Amino acid sequence: MTQIDNRTQGQLQPEPTTTPRLRFAPSPTGFLHIGAFRTALFSWLFARHSGGKFILRIEDTDLARTVEGAVEDFTNGLEWLGMDVDEGPTIGGPFGPYYQVQRKALYQQYASQLLESGQAYRCYCTPERLDEMRKEQIANKLPPRYDRRCRYLTAEERAAHEAAGETWTVRFAMPLEGQTVVHDMLHGDMVFKNTDLDDTVILKTNGLAPYHLAHLVDDHLMGITHVLRGEEWISSAPRHVQIYQALGWEPPLFYHVPNVLGKDKKKLSKRRNAPSWSDYKKEGYLPEAVFNFLALLGWAYDDQTELFTREELIKAFTLEKIGISSGIYDPEKLLWMNGVYIRKLSLQELVERTLPYMERPEAEGGLPDSVQRPLDREYTTRVLALEHERLKTLGEASYVVSFFYEKEIDYGLDILIQKKMDAVSTHAALVETRDLLNSLDTWEHTVLEEKLRELVTKLGLKAGQLFGTIRTAVSGRTATPPLFEMMEVLGREVCMKRIDQAIAKVA
Ligand code: GLU
């Protein structure tokens with residue numbers, strides 16, 4: 001049998017204060033998708049806007065579902081997004097511990113208090129009985145709910161269960177009639193019939209408290225002033241309000257924030273369509289772009305401004321502007337926004353931040369393994385200067401510029417031979433190009449352009465035909481940066497070798 005531990009933990013009670021205190025309270029039962037970080041971001045932004053505190057608390061009382069590495073993932077995700085934590089498991093703080101398993105005694109203390117005041121009771125029902133009851137209710141099309149058998153045990157029956165040494169949980173005795181009003185800052189007052197409220201378990205047989213008691217005790221003791229959480233918690237909120245009342249505590253301000261939905265209007269799910277922060281990182285999204293993008297998922301400053309720096313968001317962010325309709329996750333918008341942020345980087349910053357993506361192994365999205373690392377910084381700066389305007393993610397650089405680094409390029413004749421040309425005319429054009437380029441004593445792009453335009457006229461071709469042929473010959477691609485700048489960066493030696501190879505290919 002679990003003993004209720006009556007020790008208090010010498011908890012510091014926060015001073016009554018108006019300084020906002022907001023928390024992110026993830027359960028380490030899996031890796032969070034980006035929607036969860038969006039809600040955390042709202043809390044963080046408001047904390048920073050108001051000079052308040054942002055607290056990380058790990059809600060790990062569901063031991064069976066705890067996933068290794070999850071806490072690290074949350075912490076790294078917050079760090080990547082630049083959401084610094086004022087109090088939390090790694091840095092501590094005055095209201096710790098910040099892991100719920102370490103706060104067990106506190107939950108037991110308040111469960112005892114509720115037992116003593118008769119607002120809670122011990123339930124001796126076995127999991128088997130509860131299971132059978134649930135199945136029966138479902139079969140009879142009734143909402144599955146505890147039938148309150150143990151709430152009405154006589155003193156003798158209770159004593160008999162105790163004497164038999166049975167295990168028990170503690171359930172909160174919900175009022176059986178009347179209504180509960182949940183004040184929600186976004187949705188207004190929501191009224192619930194008490195007959196619909198289940199006698200929630202507030203202490204499990206292992207002495208740990210489930211979410212319904214644990215989060216509430218912590219929010220209270222940690223002085224949380226504003227609770228922002230997903231709207232899936234709305235249906236539980238009246239139960240929480242009842243528990244707050246029973247403990248004589250003032251609930252915090254509730255903001256049940258609409259979920260982030262996919263474009264199909266369905267809830268985002270990690271399995272279906274929602275990446276995690278680390279997926280974004282791997283693909284080469286900039287955290288500052290993701291930050292900006294997330295802030296607009298369910299919040300808007302006005303109906304047009306989309307680009308905000310971190311400081312601008314902190315300044316502009318208020319909770320009233322959180323919408324009550326869901327934010328729609330649009331990956332194309334993120335891609336666009338990321339491109340905007342990439343263009344804002346200086347060329348040096350771009351190189352600094354893109355090099356690790358290009359230098360990682362090919363299997364992880366880097367340049368082909370045949371390309372020697374580390375890459376030449378100066379050359380890479382010239383290469384990336386050509387793509388700066390077009391890059392949408394840092395990760396795509398590996399593919400987009402790989403022909404600048406590869407010793408051999410491979411392509412089919414179909415992309416070498418242009419419209420209304422054949423092998424013979426392509427061959428002739430390439431031979432002329434080679435001879436012309438060989439005669440140049442400079443490899444400057446303006447000269448290349450001038451001379452090659454003259455060649456177009458001389459050969460009676462369209463510019464697109466000759467330049468398309470040369471583009472494919474030197475890059476193996478049909479889409480590249482501007483041809484002449486690209487040739488200048490590739491250099492005379494590489495271009496001439498590749499043109500020779502193209503001549504041989506089409507001969
Ligand atoms: N641990 C809860 C969850 O991960 C937190 C909900 C809340 O913010 O209160 O869903």
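Values quoted throughout were computed directly from the atomic coordinates according to the rules given, and no laboratory measurement underlies them. Bear in mind the structure is a predicted one, so any value in this text is a computation, not a measurement. Glycine gets a Cβ as well: all are built from the backbone with ideal geometry, and neighbour counts include every protein chain shown.
Look at the alpha carbon pairs under 8 Å that are at least 6 residues apart: their mean separation over the length of the chain gives a relative contact order of 13 percent. Relative to the longest principal axis of the Cα atoms of the chain, the long axis of helix 237-247 lies at roughly 40 degrees. Restriction of the chymotrypsin sites (Phe, Trp or Tyr not before Pro) in the stretch 203-283 to DSSP coil positions whose beta-carbon has at most 15 other beta-carbons within 10 angstrom yields W249. Among beta bridges identified by DSSP and lying wholly in the chain, the antiparallel ones come to about 50 percent.
Taking amide H as placed 1.01 Å from N in the peptide plane, H226 has its amide H under 5 Å from the amide H of R21, L253, each at least 5 places away in sequence or on another chain. With contacts taken as Cα pairs under 8 Å at a separation of at least 6 residues, the stretch 262-405 carries a relative contact order of 27 percent.
Annotation note: trypsin sites (Lys or Arg not before Pro) in the stretch 223-311 located in DSSP loop regions with a Cβ neighbour count of at most 10 within 10 Å are K265, R271.
With a cut-off of 17 Å on the backbone N, the residues of the stretch 290-324 near the modelled label site 7 Å out from D84 along Cα-Cβ are 310-315. Exposed loop sites were defined as GluC sites (Glu not before Pro) in DSSP loop states (anything but H, G, I, E or B) carrying at most 16 other C-beta atoms within 10 Å; in the chain the longest segment without such a site runs 178-305.
For the charge dipole of the stretch 194-273, defined by +1 on Lys and Arg C-beta atoms and -1 on Asp and Glu C-beta atoms about the Cα centroid, which residue among N194, Y211, Y244 has the Cα displaced farthest towards the positive pole? In the stretch 194-273, that residue is Y211. Using θ = phi - 60° in the Karplus curve 6.51 cos²θ - 1.76 cosθ + 1.60, the 3J(HN,Hα) couplings for the stretch 485-497 round to 4, 4, 5, 4, 5, 4, x, 4, 4, 5, 4, 5, 4 Hz; x is entered for Gly and Pro.
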